[in-house]
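Here the structure is laid out as structure tokens; the discussion comes afterwards.
The values are calculated or read from the model by the stated rules, or taken from the named source; none is laboratory data. Every value quoted in this text rests on a predicted model; they were computed, and no experiment measured them. Cβ placement follows ideal geometry from the backbone for every residue including glycine, while neighbour counts extend to all protein chains displayed. In case anyone asks, the SASA skips ligands and DNA or RNA and just uses the protein heavy atoms, side chains included. Shrake-Rupley method; radii C 1.70, N 1.55, O 1.52, S 1.80 Å.
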Amino acid sequence: MSEFPEYTAKTGRNGFSKRALLCAFIVMKCECFSCITDLIDYLNNNLIIAHYCGFNIMKPLPSHRTVDRFILELNNDLLKKLMKSQVLKLSKMGIIDTSFIALDSTPVSANTRQNNPKSFAKNKFSKDNQPRSDKDCGLGVHTASNQHNERNFEYYWGYKNHILVDCITGLPIYELTTSDNVSDSTAALDILSQTNSFLSVDECTFLADKGYDVKAIYNTVKELYHGEYVIPLNKRNTKDPKKLASGHPICEAGLAMHKNGKLSDNGRTRQKYCCPLKNSKCASCPCDHKNWNNGKKHRGCTKYVTISDDYRLSIDRECISFKKLYALRTEAERYNSRFKQTGQERLWGHSFNAAQNLNSVAHIALLAVALAAIVTKSNSSYRCLKSVKRIA
């Protein structure tokens with residue numbers, strides 16, 4: 001908290017302490033309040049809490065506008081430093097570890113009328129209909145069902161909070177807020193780089209869902225951090241061709257295709273297969289393929305199969321060890337659930353800076369709860385907010 005000065009005003013009246021205002025927001029997230037009005041009412045009705053935050057309870061407490069301006073104008077780098085100091089302290093205590101880390105993102109809805117389910121406005125989820133109340137938010141989509149056989153999606157305007165979690169303790173290590181039109185894989189490399197700058201992720205086991213199934217992530221984790229990766233394959237709407245046990249694909253006529261050389265492009269190697277009848281002078285295609293009578297020397301159908309010579313395709317995703325390791329990724333989803341319970345499912349701010357500051361404060365509050373449970377040596381779980389509050 002040393003980065004936050006006691007008072008902001010250099011001349012005239014003393015303003016409210018930045019440390020006190022930050023502590024008030026930490027209280028807000030620990031009490032799971034979703035708006036400032038609830039926080040101000042809580043502090044006015046619990047003056048002892050306001051005193052512990054650092055306010056002078058003999059004078060009026062800050063107004064709604066003062067608290068709102070603080071979170072809007074606060075430099076997010078200060079909150080990043082505070083969260084980093086918490087993570088390093090937990091690391092020195094032997095609690096947080098980067099052996100198994102999981103990266104996931106969670107949507108945070110903006111405070112706009114387009115996100116109101118009772119709004120009947122036309123084209124409220126059109127890219128051309130940017131909300132006037134929040135010019136920084138982006139249009140995103142998230143799944144509305146956990147069932148694998150259901151393709152149920154919901155659109156919303158807002159932001160995305162990316163969080164790197166220790167899979168053993170379920171505590172956050174690093175967080176990043178972006179507009180929702182930024183893909184998960186785009187933010188992943190920056191998060192790993194920023195985390196490695198203060199806490200080494202060398203030889204880690206990186207876990208993520210198929211949204212992070214990008215070749216650049218595999219190469220970076222393997223070559224730069226000398227780690228392992230547990231990421232399911234995203235087929236990206238590719239068709240699974242019919243193959244024989246030998247790996248040879250079957251053409252539309254039901255015939256086994258023959259190998260016809262290899263091709264290397266864009267850093268990948270592909271095996272080419274051709275029609276088995278293309279060199280025959282008297283045969284005819286049983287299915288009358290469109291390329292059979294094309295008048296060219298190399299007639300008939302062709303197919304290409306990518307040879308698994310890169311990190312992404314070299315993983316055996318059906319083995320037991322992969323499935324057991326991937327099960328650890330659910331710890332990131334559990335943490336996202338606790339994060340949303342702090343009131344971060346929908347914002348009350350109207351700018352990107354307010355959104356990222358509120359997200360950072362929520363993570364700081366959950367780390368503070370974990371530190372309180374560990375320092376007091378209570379039997380309460382440091383991942384359960386309600387149980388830790390009982391020891392206060």
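Just to confirm a number: summing +1 for Lys and Arg and -1 for Asp and Glu over residues other than residue 174 whose beta-carbon lies under 11 angstrom from that of residue 174, what do you get?
Around residue 174, the surrounding residues sum to -1.
Ordering 311, 42, 156 by accessible area with a probe of 1.4 Å, largest first, what comes out?
If we order 311, 42, 156 from most to least accessible, we get 311, 42, 156.
Using θ = phi - 60° and the Karplus relation 6.51 cos²θ - 1.76 cosθ + 1.60, list the HN-Hα couplings for the range 195-212 in order, rounded to whole Hz, with x at every Gly or Pro.
5, 5, 5, 10, 9, 4, 10, 5, 6, 7, 10, 9, 10, 6, 7, 6, x, 9
Could the peptides 362-375, 202-215 be put in order, highest first, of the mean number of other beta-carbon atoms found within 10 Å of their residues?
Order by mean packing, descending: 362-375, 202-215.
Give the long-range amide H neighbours of residue 228: residues separated by 5 or more places, or on another chain, with amide H under 5 Å away, using H modelled in the peptide plane at 1.01 Å from N.
Placed amide hydrogens put 204, 205, 206 under 5 Å from residue 228.
Which pairs break 19 Å Cα to Cα here: 215/235; 29/92; 80/215; 18/377; 18/81?
In this structure, 29/92; 80/215; 18/377 exceed 19 Å between Cα atoms.
Please give the FRET efficiency for residue 128 paired with residue 47, using the beta carbon to beta carbon distance and R0 = 51 Å, rounded to the nearest 0.05.
Efficiency computed from Cβ-Cβ geometry: 0.55.
Arranged from highest to lowest average of other beta-carbon atoms within 10 Å per residue, in what order do the peptides 54-62, 315-323, 76-84 appear?
Packing proxy ranking, top to bottom: 76-84, 54-62, 315-323.
Note down the net charge around residue 36, summing +1 for each Lys or Arg and -1 for each Asp or Glu among other residues with Cβ under 10 Å from its Cβ.
Here the charged neighbours net out to -2.
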